[in-house]
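Asks: Structure provided below as structure tokens; questions to follow.
The values are calculated or read from the model by the stated rules, or taken from the named source; none is laboratory data. Predicted, not measured: the structure shown is a model, and the values here were computed from it. When we count neighbours, we look across all protein chains shown, and the Cβ atoms used for this are built from the backbone with ideal geometry, even at glycine. Ligands, DNA and RNA are stripped out before the accessible areas are found, and what is left, the full protein with its side chains, is counted by its heavy atoms. Shrake-Rupley method; radii C 1.70, N 1.55, O 1.52, S 1.80 Å.
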Amino acid sequence: MMNRGIVFAVLAGAIWGGVIIAPSLLPEFNAVLISSVRFALYGLFSLLVALPMAGRLLARLKRRDLSMLLRLSLTGNVLNFALLGASVQLSGVTTAALINGMLPVAITFLGRGDAGSLPMKRLKLPLLMVFLGIVSVSLQHAGGHAGGTSLGRQLLGLACGLSGVVCWSWYATHNGRYLKHSHFNSSEWSTLLGIVTGGVAVVVGALALLLFPNLVPAQVGHDRWMTFLWVSLFLALCGSWLANSLWNACSRRMASSLSGQMIVFETLFACVYGFVYGQRAPGLMELASIALLVGGVVWAARRHQHAHLAS
């Protein structure tokens, strides 16, 4: 079960590694607009997927399921990605990646009391390796930097990034807990989450347009709008529906204190994509950073496996 969970986490990280750099590809578009369109498309696709089984899903949907779906949709999807996108655009990919690298530690801390989770004292050294690897690799991230950015923009980007970490950590912890006792499988839950997220995204986007009419850029050419559409489609179909299904399958199969560390694969794959895009091999320090990341996760996984065998 645990090994399959790790495979699902790796696949989700492979997709999310591309998602984290998407806002930097669309600098002329507001992060709230990108997030709203992405998740509205995610909701539409999920609705189409759900049509053949709509009656069966609705019959099993309870009020507490809907309440949790609404909270997960707002915190883990719409709000989190808007904050991440703002952080990328305000302070640069490197800073945003560094802040996002706090996720394994934050998720492990929030999930420390869950069934099957190891005490924090048993995970201090693996977590320290993961933390050092993320800090090092983020500082060397190939996705760009925030040169010339004012201190005010940097601080605002930092605040957005930290708020995004709080949102996604809460999402990952509560989603994992709920899935372990849910009467929906991972794919069904991801589809329901997509439908609810789409509705939330439309409401948030409409409110944002009412409050800020200039949210949609006026002086943008047709080719940039097409880029915006294609990036949004990738984010919706791969970054949301597919990756969320994989992450749900991971969360169902392992303790929160381990699944939280699986998010490091997002950073690892972001680095790999940077190397491929830059047509270069990783340097010595970059290889050391990756070794720390992988070593920390493998160490934590082995400790969980030994604890499971001993119980």
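Asks: If you count only protein heavy atoms and use a 1.4 Å probe, how large is the accessible surface of Arg56, to the nearest 10 Å²?
Replies: Looks like 130 Å² after rounding.
Asks: Rounded if a/c is under 1.5, else prolate if a/b beats b/c, else oblate: with a ≥ b ≥ c from the C-alpha gyration tensor eigenvalues square-rooted, which is the stretch 159-198?
Replies: Working: a/c = 4.37, a/b = 1.73, b/c = 2.53.
Oblate.
Asks: OK, next. Which length gain, in nm to one decimal place, applies between Gln219 and Leu162 when the Cα-Cα distance is subtracted from 0.36 nm times their residue separation?
Replies: My answer for the length gained is 17.4 nm.
Asks: Please identify which residues in the stretch 168-197 have an amide N closer than 16 Å to a label point set 7 Å out from the Cα of Leu61, following the Cα→Cβ vector.
Replies: 183-185, 187-197
Asks: OK, next. Please give the FRET efficiency for Lys121 paired with Met53, using the beta carbon to beta carbon distance and R0 = 35 Å, rounded to the nearest 0.05.
Replies: Efficiency computed from Cβ-Cβ geometry: 0.20.
Asks: For the pair Ser187 and Val276, how long in nm is the line joining their label points, each one 7 Å along Cα→Cβ?
Replies: 2.6 nm
Asks: Once ligands and nucleic acids are excluded and a 1.4 Å probe is used, how much of Tyr171 is accessible, expressed in Å² to the nearest 10?
Replies: Per-residue accessible area (Tyr171): approximately 0 Å².
Asks: Using the Karplus curve 6.51 cos²θ - 1.76 cosθ + 1.60 with θ = phi - 60°, work out ³J(HN,Hα) for each residue of the stretch 27-41 in order, rounded to whole Hz, and write x for Gly and Pro.
Replies: Result, rounded to whole Hz: x, 7, 9, 5, 4, 5, 5, 4, 5, 5, 5, 4, 7, 5, 5.
Asks: Given the whole protein assembly as supplied and a 1.4 Å probe, what does the accessible area of Ile195 come to in Å², nearest 10?
Replies: Near enough 60 Å² of accessible area.
Asks: Give me the 1.4 Å probe accessible area per residue for the stretch 187-236, excluding ligands and nucleic acids, in Å². Display every interim value, and only then the final one.
Replies: Numbers: 2690 Å² over 50 residues.
For the stretch 187-236, the per-residue accessible area is 54 Å².
Asks: In what order, largest first, do Trp230, Trp168 sit by accessible area if the probe radius is 1.4 Å?
Replies: Trp230, Trp168
Asks: Each residue of the stretch 222-237 in turn: what ³J(HN,Hα) in whole Hz from Karplus with 6.51, -1.76, 1.60 and θ = phi - 60°, glycine and Pro shown as x?
Replies: 4, 5, 6, 5, 5, 4, 4, 5, 5, 5, 5, 5, 4, 4, 6, 7
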